[in-house]
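What follows is a set of notes on a single structure, which appears directly below.
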Amino acid sequence: MADSIMEKRSLKVGFMPLTDSAPLVVAKEYGFFERYGLDVTLEQQNSWATMRDKVCAGLLDGAQMLAPMPIASSLGLDGQRIPMITPFVLSRNGNAITLSQKWYKHLDEHRLGEGQPISATAIASIVNKKIANGEKLRFATVFPYSCHYYQLLDWLSAGGIDLSHIELLIIPPGNMIAALKSGEIDGFCVGGPWNAFAVRAQLGFTAATSSDIWMDFPEKVLAVLASWQMQNPNTCKALVQALNDACHWLESIPNRFEAAQLLSGSQYLNMDLNIIAPSLLGSCLTYKDLPPRQINTYNQFADSESASLNCPSIDDGRWLLEVMQKSGHLDNPSHALLQLPHIYRQDLFRQYFTANQDVAPR
Amino acid sequence: MSILKSDTQPLLKLLLVDYNSHKTHILSEAFDNEHYQIEWASASGMSLLHRVRESKPDIIIIDIESPDRDMLDSLNMLSTTAPKPVVMFSEDQNSQVIQELVKAGVSAYITGGVDSSRVRSIIDIALARFKEHQNLKQELADTKQKLSSQKVIEQAKIWLMENKHCSEKQAYHHIRKIAMDNSQKMEDVARNILSLANMLGGSHG
């Protein structure tokens, strides 16, 4: 099945210990990489910036990255301009906004309706109270060039919250729970398993998920250097095909439960199954006394009806450029728009999957 | 001699984030106390952020594998704490490639051995690069500010011309006179005019 000329067989791929690292973990543990002739070592990373730098330095062949990161790197927004591409979307959705439990009683009539998200209008009175005391409501995310960051801003703005009345911080995901508990932050927008963790620990309530804010938007992508793909075209294709198989394997619910068990192991997330499993099974824990919300696409990895779910489309990239500009991360999007087809490589994705029937579920 | 030196040149304050104490201690030996004042931070997350605020270091040094790196890097982008230059270190002997990246200006990294003159030059370069970057950012912000104030004055002029039926020159002098009489900036006067116009349901837009 593998191409006859594989430029490189032994690869190092970076991942973050998060729920949506599932496709990489599954591909490794269930032999999907091997199926395509690859010997992949997964290397756990602790920060996104180091993940990026290691890919740029060739210490990693490829990595799981936040969807805006290849754009930021290719445009030189976060340092040196280093052309980076994504040929494959690993997951959609998966983030959520969780607020400190102490604010729940202040929501009054805006409290969670059955199965419904909470709009940021619900926290307007809390924001105003804080401002009256000369303080600001404080939110944390994990990286500036992330959908977490932009989705949080969007949720706040859509609820009529003046962003100048909010303090935004970047803190490591592993510190979110402690910061919420100590009251140093009032809420956060991150991916799994941290939202479920906060609800299980009765420290927070999950107000909205990324599915409520930007429906089905790419969250994590496979990123490699543009030069790496040029030097290793067949290897890149094999890597994408293996991950695509893993994503499709993750479509079935019983398989997802298995994946949750894998992820909870000590070499990956090292966390309780009852924290990791809910989002993978389409269930969003919201608040201690309430039944969870049913969101089937909470963690979305593939769709047998539509191969485009894993395609890094230029339209999605264009949306990101818009929000990056709105958030002050990008001055002039016109140059970036021209670059986009060289970053979000929908052409490569199509090339990989239209020649044969590999897109079809196995 | 050394006393004289430190009198004229203040010590550079380094905050060493202690993620892996063995590696950090070896690194700390590269810094002599004639030029450097070393402070240690063993905290993570919010506590580390507080530590940075209190200790006001000139430069932060952190292990490349530390989970706190994104937080410290972001101090440049978010304004909640004064931005600080951050230098990464890695004891990985195979980090030749990262050194290549440093040459290309990606980020400041200390890799391999901790030969003190080399480490010091990396710190100096990181500091200089950071200052240059901050200056550029400030210039950009100033230019933007200038452009936006020109735009506001322009709009106020147009409103006056349309609603007070005066020439462009008269409108300009009108704004300038109010500004001088009240010792305000022309930009602020223009803003007041526009908000008043808005309130009156004026037709400037």
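The values are calculated or read from the model by the stated rules, or taken from the named source; none is laboratory data. Only a predicted model underlies this, so the values are computations on that prediction, with no experimental measurement involved. With ideal geometry, Cβ positions are generated from the backbone for all residues, glycine too; neighbour counts draw on all protein chains shown.
Screening the range A:178-283 for helices (runs of 4 or more DSSP H) wholly inside it with 2 or more residues that are in contact with a strand residue (DSSP E or B) (Cβ under 8 Å, 6 or more places away or on another chain), under 26 Å from A:ARG9 (Cβ atoms) and touching a residue at least 60 places away in the same chain (Cβ under 8 Å) returns the ranges A:226-231, A:233-249. Using the structure shown, decide if A:GLY115 is at pLDDT below 95 and on the phi > 0 side of the Ramachandran plot. Taking the combined requirement at face value, the residue satisfies it. Can you name every residue in the range B:22-77 that is within 14 Å of another protein chain (Cβ to nearest Cβ) and β-branched (Val, Ile, Thr)? If the condition is that a residue be within 14 Å of another protein chain (Cβ to nearest Cβ) and β-branched (Val, Ile, Thr), then B:VAL52, B:ILE60, B:ILE62, B:ILE64 are the ones that fit.
Listed conditions (1) out of contact with any Gly (no Cβ under 9 Å at 6 or more places or on another chain); (2) within 23 Å of A:ASN93 (Cα to Cα); (3) at pLDDT below 95; (4) not aliphatic (A, V, I, L, M) are all met by A:ASN296, apart from (1).
Every condition in (1) in contact with a strand residue (DSSP E or B) (Cβ under 9 Å, 6 or more places away or on another chain); (2) modelled with pLDDT under 75; (3) closer than 21 Å to A:GLN45 by Cα is met by B:LEU75 except one, and the failing one is (2).
Can you find a residue in the range A:125-137 that is over 30 Å from A:PRO292 (Cα atoms), of a type in the set (Gly, Ala, Ser), out of contact with any strand residue (DSSP E or B) (no Cβ under 9 Å at 6 or more places or on another chain) and not assigned by TED's automatic domain parsing to the domain that holds A:ASP347? Within the range A:125-137, one or more residues are over 30 Å from A:PRO292 (Cα atoms), of a type in the set (Gly, Ala, Ser), out of contact with any strand residue (DSSP E or B) (no Cβ under 9 Å at 6 or more places or on another chain) and not assigned by TED's automatic domain parsing to the domain that holds A:ASP347.
Just one of the numbered conditions (1) under 21 Å from the mean Cα position of the chain (by Cα); (2) aliphatic (A, V, I, L, M); (3) surrounded by fewer than 21 Cβ atoms within 10 Å (Cβ to Cβ) is not true of A:ILE126: (1). Condition check: surrounded by fewer than 12 Cβ atoms within 10 Å (Cβ to Cβ) and among the polar types (S, T, N, Q). Does B:GLN145 satisfy that? When the stated conditions are applied, B:GLN145 passes them. Restricting the range B:78-106 to residues that are surrounded by 14 or more Cβ atoms within 10 Å (Cβ to Cβ), within 11 Å of chain A (Cβ to nearest Cβ) and under 19 Å from A:GLU167 (Cβ atoms) leaves a set whose member that is modelled with the highest pLDDT is B:LEU78.
Given the structure, is A:ASP315 at pLDDT below 95 and among the charged types (D, E, K, R)? No: the conditions fail for A:ASP315.
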